[in-house]
Amino acid sequence: MNNNQQDTAVVTSLPGTNSAQAARGFVRSVNDWLMECALDDTDISELLAGMVSRLVASGIPIDRVMVAFKTLHPLYEGVSYIWNKESGQVERSTHMGVGDQDQDWAESPMKWMLDNDVSFMRRHLIGPSSVIDFPVLESFRRNRGTDYYALMTPFVTDRDSTLDSNRIFMTYLTRRPSGFSDEDLAILSGIQRRFAVSCKMRINHEETSTILETYLGSDAGARVRNGQIKLGDSTKTRAVIWFSDMRNSTSIATHVGDDAFLGEMNDFFSATAGAVLKHGGQVLRYIGDATLAIFPIGDDENNLETACLAALYAAAEAQINIDTLNAKREEEGKPPFDYGLGMHVGDVIYGNVGVSERVDFTVVGQAANEAARIEQLTKQLGKRVLVSQTVARFISCPTQEMGAYELQGTGVSVKLFAPDFAEACHRIELMRAG
């Protein structure tokens, strides 16, 4: 049976009836529901649970269903959804790699189907016609499985992408002693392509969201996705502003060479910008080897203390991360990382700048410029971190007053403080140990 045949599968009867017409009507009703889900952009977990509930209610003896596909994400390559009859719930899992080096994937029925361009396969797990030719089938048989059915539906995501032709895999398992009937399999085949269409709609939505959040940040990505894409569109928000910059990037680049320097920058950003994300901040931009981030306050000034404390722990975490990295780098004979960090409170404006054909979603505002100027003073004053008076008042750690300084190019004089993160670092290390 090829993919086109699946769409018009011949259904002889619906389990529990003697009417082929009733079976075809059931398939049409499920397919109509699946198309409504596609238009509504239904979550795949909800989609799978709803479809299985309809199949089980019709009498098809399903005990386990899995849906799996590759996806575009910076942290993982594949996603699977598994429904089990025992729990009645759908569990979502992500998979770091789905290549030949992954033994589970390499020995799976899905890999065999993909390599051999087979759109469906069935395996009896018990009886004289049983075939146990994959390790996972043996595990299913030990768990009282009797019949296994797998379907593969290809679809194009982007002809120019590395994913181009993706696949949705769907597997069904039953424990009924007699296994699936021919009518059961025909019904499952008859709804497969509509289910794949609904999944594809959701996959495209999630990949678009992932790309926007990866390149713009969670908040900015959501704003763009929700339509804030016109030149001049802007939104103002109040926040604790974080501006950090690698200090000795030139010497590191000279030491490791241009090809390896990108990896060095990623290590640095993982330690610093990674700490921002871990404590609830939003990374807005990477500017060379600098990071602009915010801890939003919004319209409620009661959030100011919370935002300042989050920034405090992010800064402490970054300090621990850098010190840990530097201990390793010393063993490897690499120059140490160092950085300056300025933190300030003020309003920033999310806005679209550029030309209509090429828009950049960025952050502007005097407060952001002032945070960058505060960071510039860290080297002059011999401190890794400097904060403005408002931040110092709410971060609940000892601070050393450094005096008032005019921020270059702004005409603004700001009283600066150097915080002592020793207590915050100790608490973080205790939490890590725990």
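Let me spell it out: the conditions are (1) buried (at least 22 other Cβ atoms within 10 Å of the Cβ); (2) touching a Ser or Thr at 6+ places or on another chain (Cβ under 9 Å), and residue 418 meets all of them except one. Which number is the exception?
Status for residue 418: all satisfied but (1).
Taking into account only those residues within the stretch 236-263 that are free of Cβ contacts under 8 Å to residues at least 24 places away in the same chain and charged (D, E, K, R), which is most open to solvent (accessible area, probe 1.4 Å)?
259
Return the pairs, sorted by first residue and then second, in which the second residue is open to solvent by 70 Å² or more (accessible area, probe 1.4 Å) and assigned to a helix (DSSP H, G or I), the first residue lies in the stretch 190-214 and is small (Gly, Ala, Ser), the beta carbons are less than 8 Å apart, and the residues are 6+ apart or on different chains.
Within 8 Å, the pairs are 209/225.
Applying the selection to the stretch 397-434, what residues are part of a strand (DSSP E or B), in contact (Cβ under 8 Å) with a residue 60 or more places away in the chain and within 37 Å of the chain's Cα centre (by Cα)?
Of everything in the stretch 397-434, just one residue is part of a strand (DSSP E or B), in contact (Cβ under 8 Å) with a residue 60 or more places away in the chain and within 37 Å of the chain's Cα centre (by Cα), namely 419.
Every residue in the stretch 231-274 that is within 25 Å of the chain's Cα centre (by Cα), part of a helix (DSSP H, G or I) and either among the acidic types (Asp, Glu) or within 19 Å of residue 307 (Cβ to Cβ) (or both), please.
Matches in the stretch 231-274: 264, 267, 272, 273, 274.
Look at residue 303 and say whether it is among the polar types (S, T, N, Q) and touching a Pro at 6+ places or on another chain (Cβ under 8 Å).
yes
Residue by residue through the stretch 97-156, note down the ones that are more than 21 Å from residue 178 (Cα to Cα) and charged (D, E, K, R).
100, 102, 104, 107, 111, 115, 117
Among the residues of the stretch 306-337, how many are more than 29 Å from the chain's Cα centre (by Cα) and among the acidic types (Asp, Glu)?
Total meeting the criteria: 3.
Filtering the stretch 125-165 down to residues that are modelled with pLDDT under 75 and assigned to a loop (DSSP other than H, G, I, E, B), which residue is farthest from residue 110 (Cα to Cα)? Steps first, please.
Step one: filter the stretch 125-165 for residues modelled with pLDDT under 75, giving 156-165.
In the following step, the residues that additionally are assigned to a loop (DSSP other than H, G, I, E, B) were identified as 157-164.
Details: 157: 19, 158: 22, 159: 22, 160: 24, 161: 22, 162: 19, 163: 17, 164: 18 Å.
Only one residue fits best here, namely 160.
With the checklist (1) surrounded by 15 or more Cβ atoms within 10 Å (Cβ to Cβ); (2) under 19 Å from residue 368 (Cβ atoms) in hand, flag the one item residue 288 doesn't pass.
(1)
Just give me the residues in the stretch 276-285 being touching a residue at least 40 places away in the same chain (Cβ under 8 Å) and surrounded by fewer than 18 Cβ atoms within 10 Å (Cβ to Cβ), in sequence order.
Across the stretch 276-285, the qualifying residue is only 285.
If you scan the stretch 168-212, which residues turn out to be open to solvent by 50 Å² or more (accessible area, probe 1.4 Å) and under 19 Å from residue 119 (Cβ atoms)?
Of everything in the stretch 168-212, those that are open to solvent by 50 Å² or more (accessible area, probe 1.4 Å) and under 19 Å from residue 119 (Cβ atoms) turn out to be 182, 193, 194, 197, 200.
Just the residues that are of a type in the set (Lys, Arg) and assigned to a helix (DSSP H, G or I), please, taken from the stretch 275-322. Lay out the reasoning, then the answer.
The first filter runs over the stretch 275-322 and keeps only residues of a type in the set (Lys, Arg), leaving 278, 285.
Within the stretch 275-322, just 278 meets the criteria.
Give the stretch 357-382 a look and list any residue that's farther than 17 Å from residue 291 by Cα and assigned to a helix (DSSP H, G or I), or say none. Show your work before the answer.
Of the stretch 357-382, the ones farther than 17 Å from residue 291 by Cα are 357-359, 380-382.
Across the stretch 357-382, the qualifying residues are 380, 381.
Hey, can you tell me all the residues within the stretch 332-381 that are in contact with a helix residue (DSSP H, G or I) (Cβ under 7 Å, 6 or more places away or on another chain) and surrounded by 20 or more Cβ atoms within 10 Å (Cβ to Cβ)?
Answer for the stretch 332-381, where residues must be in contact with a helix residue (DSSP H, G or I) (Cβ under 7 Å, 6 or more places away or on another chain) and surrounded by 20 or more Cβ atoms within 10 Å (Cβ to Cβ): 337, 339, 340, 341, 342, 343, 344, 345, 348, 350, 361.
If I ask for residues that are open to solvent by less than 40 Å² (accessible area, probe 1.4 Å) and part of a strand (DSSP E or B), which ones from the stretch 36-81 would you list?
65, 66, 67, 68, 69, 78, 79, 80, 81
Test each condition in (1) open to solvent by 50 Å² or more (accessible area, probe 1.4 Å); (2) touching a strand residue (DSSP E or B) at 6+ places or on another chain (Cβ under 9 Å); (3) on the phi > 0 side of the Ramachandran plot for residue 396 and report the one that comes out false.
Going through the list (1) open to solvent by 50 Å² or more (accessible area, probe 1.4 Å); (2) touching a strand residue (DSSP E or B) at 6+ places or on another chain (Cβ under 9 Å); (3) on the phi > 0 side of the Ramachandran plot, residue 396 breaks only (2).
I'm told residue 117 meets every condition in (1) assigned to a helix (DSSP H, G or I); (2) loosely packed, with under 13 Cβ neighbours inside 10 Å; (3) charged (D, E, K, R) except one. Can you identify the failing condition by its number?
Condition not satisfied by residue 117: (1).
The values are calculated or read from the model by the stated rules, or taken from the named source; none is laboratory data. Everything quoted here is computed from the prediction, not taken from an experiment. Every residue, glycine as well, gets a Cβ built from its backbone with ideal geometry; the counts of neighbours run over all protein chains shown. Heavy atoms of the whole protein, side chains included, go into the accessibility calculation; ligands, DNA and RNA do not. Shrake-Rupley method; radii C 1.70, N 1.55, O 1.52, S 1.80 Å.
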